[in-house]
Amino acid sequence: MHPAPSVIVFTTLSGLGFGLLVFLGLGMPAVTGLNAFIFFAIAYILAVGGLMASTFHLGHPERALKAFSQWRSSWLSREAWAALLALLVMAVFGAGLVFLGVRFSLLGLFGAALSLAVVFTTSMIYAQLKTIPRWNTHMTPVLFLSLSLAGGALLAGQITYALILLPLAGVVQVLWWMQGDKALGQSSTNIATATGLGEGGTVRAFEPPHTGTNYLLREFVHVVGRKHAQKLRVIAFGLGYALPVILLLLPFSHALAGVAVLSHLAGVVTSRWLFFAEAEHVVGLYYGKRVA
């Protein structure tokens, strides 16, 4: 699939924002007053900014409210409800910290759980798609959740947790890449099933169905060279996981912590670009753009 910048921004920023809200809901860091306001402002800017990017990616942004009506069957609708509830609950929780200096513990725990639910529902929008075997795996929610928690720990200044969660997220990322590389080949889909001609014998692409491009090719077929993808994976892993851990192991300074956050953000953006660019939609088989 063609990686739309708005979707990359949404999944990256919202994941970090809601990850930070998880830690704030758990009382990490235990801040009140102005300090609490700064942390909550960062979390809401990231979370709401990501959600707005997602809304503008819709073909008809003015119809975004309709997403709330399909919660029984749509993960997108469930994500919308989870995000709304999480933001409302954490707003009340944050107001108590900022204006009253009081921590409503149960409300914070509930808000943290809802924030995790947002990340999970977002991941399921992709994990449910059988047309993209690379995404259609239980590892996709694990990847989204581990990245959100690792980034949240980093933004919350929880060094101990970040030093545990960042390597863990790095391992999950590598395992997700390894599994994804085999997903299309291990699926039951191939050019014979894509065309419906399997019963007639061996099927191969003789000529493309079109002499030019079309909507399906523009939206669902994006081919990334293996060498190019491998280089980007190294960059994503180095910036997103390895470098932040190295910086956190050095004597603490706010400057190094800031660099660690920026490095992690750059690495996650790179890995998220690959998440979409390497998505092998099975429609590519019909057009001879995939081999399974």
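Derivation of every value follows stated rules applied to the coordinates shown; laboratory data play no part. Just so it is clear, the model here is predicted, and its values are computed rather than measured. Quick reminder, even Gly has a Cβ in these numbers, built from the backbone with ideal geometry, and neighbours come from all protein chains shown.
Starting from the 7 Å offset along Cα-to-Cβ, what nm value, one decimal, do you get for the label separation of His138 and Ser74?
With each label point 7 Å from Cα toward Cβ, the separation is 2.9 nm.
Each label point is 7 Å from the Cα along the Cα-to-Cβ direction; what then is the distance between the points at Ala91 and Thr213, in nm?
Modelled inter-label distance: 4.0 nm.
Quick check: pseudo-label points 7 Å beyond the Cα along Cα→Cβ at Gln128 and Leu262, how many nm apart are they?
It works out to 3.9 nm between the two label points.
Explain nothing, just compute: Karplus ³J(HN,Hα) = 6.51 cos²θ - 1.76 cosθ + 1.60, θ = phi - 60°, for every residue of the range 265-274 in order, whole Hz, x for Gly and Pro.
Here the 3J(HN,Hα) series is 4, 5, x, 5, 4, 5, 5, 6, 4, 5 Hz.
Pop the C-beta distance of Leu250 and Thr202 into the FRET formula with R0 = 41 Å and round what comes out to the nearest 0.05.
Details: r = 59 Å, r/R0 = 1.43.
Efficiency, from the Cβ-Cβ distance: 0.10.
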